[in-house]
Amino acid sequence: MSTAAIVMMVVAMIVIWGGLGLTIASLLRHGAVENRAEEPRRNR
Amino acid sequence: MSTTAGRATGQPDEKGRRGAFSSRRVFILAAIGSAVGLGNIWRFPYVAYENGGGAFVLPYLVALLTAGIPFLLLDYAIGHRHRGSAPLSFARLRRGTEGLGWWQVGICFVIATYYAAVIAWALRYTFFSLDEAWGADPEGFFFGEFLRAGDVEVTADVVPGVLVPLVLVWLAVLVIMALGVQRGIGATSLVLIPVLVLAFAALVVQALLLPGAAAGLDALFTPDWSALTSAPVWAAAFGQIFFSLSIGFGIMITYASYVGRREDMIGSGLVVGFSNSSFELLAGIGVFAALGFMAQAGGVAVGEVASDGIGLAFIAFPTIISQAPAGALLGVLFFGSLVIAGITSLVSVIEVVISAVRDKLDTSRRTATLVVGVPAAVLSLVLFSTTSGIYVLDVVDHFVNQYGILVVALVSMLVVAWALRALTGLSEHLNVHGRPRVGAGWRVLTSLVAPVGLTIVLVFALRDDLAAPYEGYPGWLLLGFGWLLVVALPLVGFLLARLPWRAGTHLDGPPPGSDPAAPLHATPTTDPTPRNRPVTGHDEGGLR
């Protein structure tokens, strides 16, 4: 494989698969925050 | 005009009546199952290769972030806020726009009829892979022995080899649909999506170990930077994103209506969008690694064996399977992946129609499944299990995609953004529990960038189809199964919108109990207006 092809493949992997990882982490983190925020209301 | 059809009291539990996904995870998997379809596997790799290779990553990402995900969030907002099928959601948005929803329903009905046929082919080829039934001539086998395709005409000569798997596909899909939103669609997605990812990952590993795989990847990823100045390349990127994400024709509106009102639809949309692209990238690597092997085995350049669609799946891949070590395993993984990706997408397409029928007529799930599924299955069998099935399928697929989905998506987007000016309310709805928040940027992308992107795709498609008959097919075939079909769908849609809603249907804006900011365990208030009365005494707090 040419260097340019390897670079573009790695860039695509980092951006797309990395983007997926970041969005999942963000969703889980926000979900956890929402759950914590709900607890006082549920326990009231 | 009465905005609440019939009685407004004593309605059954809305969530229980319509069904719901049991958790955000199930919804996300179902939405990924819908988005990841045959196009991810057999369309994206070739589109990327043809449009700049590695350089295509740039327009692809721009299209994903500026049009794909914004439009996906628009669909989510419409369905999640108005908690109905596409026609009901549009009716609740503004009564006169209900026809847009039925137009989308009609498109889904048509797509379901032929999509099932391709899954049936893939199902049959999964077993053909075991003994390489195509022999030394995969192309002759596919068109001749398997499909028995003759001259371009419409015949009633049934091909048993297609009919039987097609019946099996429809039976499986109807059972899934009859089981309901969670036990059917949700449970299927929960099982099949991880299986699909694992099966395709195994295929990619096997393909990467084949001799010549590096040449295939080199062909796919070597950037042609001059492509970035080409308008057709950008149109191809917007088209790929648009067709791949299942947006604009009711699926995501319907699925979003089954999600708990306090869920983060923005975060979920980002995960679905990137999951879809992640699978496309995986498919590109797997497919081009295999094509690299095929090219090396044949002593030709990768460009000479690269193809897409039916040619890639049913001609190129059988050739690869015949030549590769452990080819049977490669075949089962490839065609099995096509079947799984197809089934989870077909289920989502059919659900748009079933959900609309249930909302309109207040029928049980099983009745609606039969009312929708049996005619769709019969039409599918009559049109696509015959010797002329492939020609009709090719024409219907082309026209419904290019001028059905594209036009209804564009019109819906323009109506919501410009005629109804509903984007502000929808963004506020998304932002109650969604992160990151959407604001003016999203509204600009949804009202300007995405419509412009879709318009460009549409113009290029029209230019090609007006310059020459699609694939050289005769005019009567293109007219009957192409142009007339795409003109008839909106007409039928707006006629269906004139039918009355079931008694008690709330049509005046978002339904009672849909406010995402309302307390979790709200009890029915004494407020006499239906808009302020929660439908359920309990809610989705335990669903996450």
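When the residues of the stretch A:1-17 are filtered to those that are facing chain B (nearest Cβ under 7 Å) and not aliphatic (A, V, I, L, M), which remaining residue is surrounded by the most Cβ atoms within 10 Å (Cβ to Cβ)?
A:Trp17
Given the residues B:Leu65, B:Leu88, which is the only one that is over 30 Å from B:Ile320 (Cα atoms) and out of contact with any Lys or Arg (no Cβ under 9 Å at 6 or more places or on another chain)?
B:Leu65
Being away from chain A (no Cβ under 12 Å) and either over 22 Å from the mean Cα position of the chain (by Cα) or farther than 20 Å from B:Trp442 by Cβ (or both) is the filter here, so list the residues in the stretch B:48-63 that pass it.
Once the filter is applied, which keeps residues that are away from chain A (no Cβ under 12 Å) and either over 22 Å from the mean Cα position of the chain (by Cα) or farther than 20 Å from B:Trp442 by Cβ (or both), the stretch B:48-63 yields B:Glu50, B:Asn51, B:Pro59.
Hey, B:Val154 hits all of (1) out of contact with any Leu (no Cβ under 8 Å at 6 or more places or on another chain); (2) open to solvent by 10 Å² or more (accessible area, probe 1.4 Å); (3) more than 26 Å from B:Pro318 (Cα to Cα); (4) not in a helix (DSSP H, G or I) but one; which does it fall short on?
Looking at each condition in turn, B:Val154 falls short on (1).
Name every residue in the stretch B:399-427 that is modelled with pLDDT under 95 and in contact with a Phe, Trp or Tyr (Cβ under 6 Å, 6 or more places away or on another chain), in order of residue number.
The answer is B:Ile405, and nothing else.
Go through (1) part of a helix (DSSP H, G or I); (2) under 26 Å from B:Gly260 (Cα atoms); (3) open to solvent by 30 Å² or more (accessible area, probe 1.4 Å) for B:Leu462 and report which single condition fails.
Of the numbered conditions (1) part of a helix (DSSP H, G or I); (2) under 26 Å from B:Gly260 (Cα atoms); (3) open to solvent by 30 Å² or more (accessible area, probe 1.4 Å), the odd one out for B:Leu462 is (2).
Which of (1) in contact with a strand residue (DSSP E or B) (Cβ under 9 Å, 6 or more places away or on another chain); (2) open to solvent by 30 Å² or more (accessible area, probe 1.4 Å); (3) of a type in the set (Val, Ile, Thr) is the odd one out, the single condition B:Val332 does not satisfy?
(1)
Looking only at the stretch B:203-216, count every residue that is closer than 14 Å to B:Val305 by Cβ and facing another protein chain (nearest Cβ under 10 Å) and tell me the total.
Here the count works out to 3.
Of the numbered conditions (1) outside any helix (DSSP H, G or I); (2) away from chain A (no Cβ under 13 Å); (3) open to solvent by less than 20 Å² (accessible area, probe 1.4 Å), B:Glu263 fails exactly one; give the number of that condition.
All conditions pass for B:Glu263, except number (2).
I'm trying to understand the selection: among the residues of the stretch B:385-421, which are assigned to a helix (DSSP H, G or I) and of a type in the set (S, T, N, Q)?
Taking the stretch B:385-421 first, the residues assigned to a helix (DSSP H, G or I) are B:389-419.
Scanning the stretch B:385-421 gives B:Asn401, B:Gln402, B:Ser412.
Out of B:Ile193, B:Ile285, I need the residue that is facing another protein chain (nearest Cβ under 10 Å) and more than 30 Å from B:Pro451 (Cα to Cα). Which one?
Working: B:Ile193 fails: facing another protein chain (nearest Cβ under 10 Å).
None of the others qualify; the one that does is B:Ile285.
Do you know which of the residues in the stretch A:18-32 that are open to solvent by 60 Å² or more (accessible area, probe 1.4 Å) and at pLDDT 95 or above is nearest to B:Ser268 (Cα to Cα)?
Within the stretch A:18-32, the first condition is being open to solvent by 60 Å² or more (accessible area, probe 1.4 Å), and the residues that meet it are A:22, A:24, A:28-29.
Right, trim to at pLDDT 95 or above and you get A:22, A:24.
Values: A:Leu22: 12, A:Ile24: 8 Å.
Looking at the filtered set, the residue picked out is A:Ile24.
Okay, residues lined up against (1) modelled with pLDDT of 95 or more; (2) of a type in the set (D, E, K, R); (3) more than 26 Å from B:Phe279 (Cβ to Cβ):
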| position | (1), (2), (3) |
| --- | --- |
| B:Val339 | yes, no, no |
| B:Val349 | yes, no, no |
| B:Leu361 | no, no, yes |
| B:Thr367 | yes, no, yes |
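Scan the stretch B:295-315 residue by residue and report those that are assigned to a helix (DSSP H, G or I) and open to solvent by less than 30 Å² (accessible area, probe 1.4 Å).
Applying the first criterion (assigned to a helix (DSSP H, G or I)) to the stretch B:295-315 yields B:295-298, B:302-305, B:309-315.
Selection gives B:Ala295, B:Val302, B:Val305, B:Gly309, B:Gly311, B:Leu312, B:Ala313, B:Phe314.
Quick one: is B:Val432 out of contact with any helix residue (DSSP H, G or I) (no Cβ under 8 Å at 6 or more places or on another chain), within 14 Å of another protein chain (Cβ to nearest Cβ) and either within 23 Å of B:Thr66 (Cβ to Cβ) or assigned to a helix (DSSP H, G or I) (or both)? If you could, list the steps in order and put the result at the bottom.
Values: out of contact with any helix residue (DSSP H, G or I) (no Cβ under 8 Å at 6 or more places or on another chain): yes; within 14 Å of another protein chain (Cβ to nearest Cβ): yes; either within 23 Å of B:Thr66 (Cβ to Cβ) or assigned to a helix (DSSP H, G or I) (or both): yes.
Yes, satisfied.
The values are calculated or read from the model by the stated rules, or taken from the named source; none is laboratory data. As the structure is a prediction and not an experimental result, all values here were calculated from the model. Reconstructed Cβ throughout: ideal geometry from the backbone, glycine too, with neighbour counts over all protein chains shown. When the accessible area is computed, the model is the full protein with side chains, heavy atoms only, and any ligands, DNA or RNA have been set aside. Shrake-Rupley method; radii C 1.70, N 1.55, O 1.52, S 1.80 Å.
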